[in-house]
Amino acid sequence: MTARSGGTDGGRGGPGEPTRNAASGGRPGRGSGAGPGPGSGEGPGSGCDSGGRGAGASAAGGSGNGALLVVGDVVTDVVARHRGPLASGTDTASVIRTLPGGAGANVASWAAHWGCADVRLLGRVGAESAAWHERELTACGVRPRLVVDPQATTGTVICLVDTGAAGERTFLTDSGASLRLDPGDWSDALLDGVGRLHLSGYLLFSESGRALVGTASAAARARGVPVSLDPASAGFLEDLGVDRFLSLVEAVDVLLPSRAEACLLTGQLDGAGAAAALSRLVPLVVSKEGADGALVARDGTVLVRVPAVPATPLDTTGAGDAFTGAFLVALLAGADAGAAAAEGCRAGARAVERVGGRPPARGVDAPARGDGATSTTYRAHAG
């Protein structure tokens, strides 16, 4: 049995700042304070809307339809921007920054930036940077529920960005605590007031993460909450195996692969063929095609081709996460899949013009969202 205790201090520090302990408590559950729930003032009518809150919300239409819950990875990105090939065996001049990242955390941050007033995130981090990550997420308007791992450090990704190749990037990944999320970190109360559940595909690359995907998906189905998933990494997908991946996403309502991931999963050589083939297995497939925009497919047919929004790439890290966050906000606000994909393309264009995978902090380049984010951090103890 593990236990949790809540609370971190305020202010703004760096990723090496430790988390402070608060009073000990049991595993979070219904009514334990584990995120907004009954009695919290949050509900299906308080989530995402199209009232001009976000940079792309105005095209979404409709009214709020619940919160967005994201379950996935929170990591520390070390972004090294260089120009041209790396000089093997010697120095390569670079501009290096340490930034908050992680596909799940990025999606949540962009969703809040794009107009969703209630975005929640379940993730797992190390003690050495938990307070920093909590503050960075809260600053973006996300309500983080972070479990502090008793042994592993926060995942770290070294992002090598070639500024001479349209901001293309290569990742060196140490997933750390993020792959140690497990069903014990889940509470069905997390779904209270939620309109959509989004799962980061990185969860599928560990046994405990796969178990959590099953638990969370089953809970969402029981409540009629649609589930989306982003496959996350063509490299990790290949290691996991296509058949195994497809068996794990049978309950998913929306799949959001990149072109490379869609082609890997189907054996098709072109994005349209791959999206169409995947849509025979998953009800809705939205393939992110980079500079070619996006494809929306259902029932074996590509229904919509959405053009990309012109941008001057600085760093493509997190562009797909930005797309996903904005796409989900638009769906929650009542948009159809084509209009939602257009919002995704707008967000992706905005993302590639920034360094790192996150949008500006709340209040920078976007109106404020709602009444302010709240967060809960739990410390997981061994034994």
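The values are calculated or read from the model by the stated rules, or taken from the named source; none is laboratory data. Predicted model only: the values in this text are computed from it and were never measured. Using ideal geometry, Cβ is built from the backbone for each residue, glycine included, and neighbour counts are taken over all protein chains shown. With ligands, DNA and RNA removed, areas are computed over all heavy atoms of the protein, side chains included. Shrake-Rupley method; radii C 1.70, N 1.55, O 1.52, S 1.80 Å.
Points worth noting:
- Residues whose amide H falls under 5 Å from that of residue 74, counting only those 5 or more places apart or on a different chain, are 124, with hydrogens built in the peptide plane.
- Between residue 291 and residue 86, the simple spin-label model (points 7 angstrom out along Cα→Cβ) gives 2.4 nm.
- Overall Cα dimensions of the stretch 322-362 - principal axes, largest extent first, Å: 30, 18, 10
- Hydrodynamic radius of the stretch 173-310 by the Kirkwood approach over all distinct alpha-carbon pairs: 15.4 Å.
- Semi-axes of the equivalent ellipsoid of the stretch 67-135 are 31, 15, 9 Å, computed as sqrt(5λ) over the eigenvalues of the C-alpha gyration tensor in descending order.
- Residues whose placed amide H lies under 5 Å from that of residue 280, excluding near-sequence neighbours: 300
- Extents of the stretch 251-302, largest first, come to 28, 19, 17 Å (Cα atoms, principal axes, whole angstrom).
- Most to least packed among 327-333, 187-193 [average Cβ atoms within 10 Å]: 327-333, 187-193
- The packing ranking, built from the mean of other Cβ atoms within 10 Å per residue, places the peptides 248-257, 106-115 in the order 106-115, 248-257, highest first.
- Per-residue packing, averaged as other Cβ atoms within 10 Å, sorts the ranges 270-280, 198-208, 67-77, 91-101 into the order 67-77, 198-208, 270-280, 91-101, beginning with the highest.
- In terms of overall dimensions, the C-alpha atoms belonging to the stretch 88-246 reach 56, 39, 34 Å along their principal axes, ordered largest to smallest.
- To put it simply, the accessible area of the stretch 282-348 at a 1.4 Å probe is 56 percent carbon and sulfur.
- Across the stretch 127-217, the fraction of Cα-Cα pairs farther apart than 21 Å, rounded to a whole number, is 45%.
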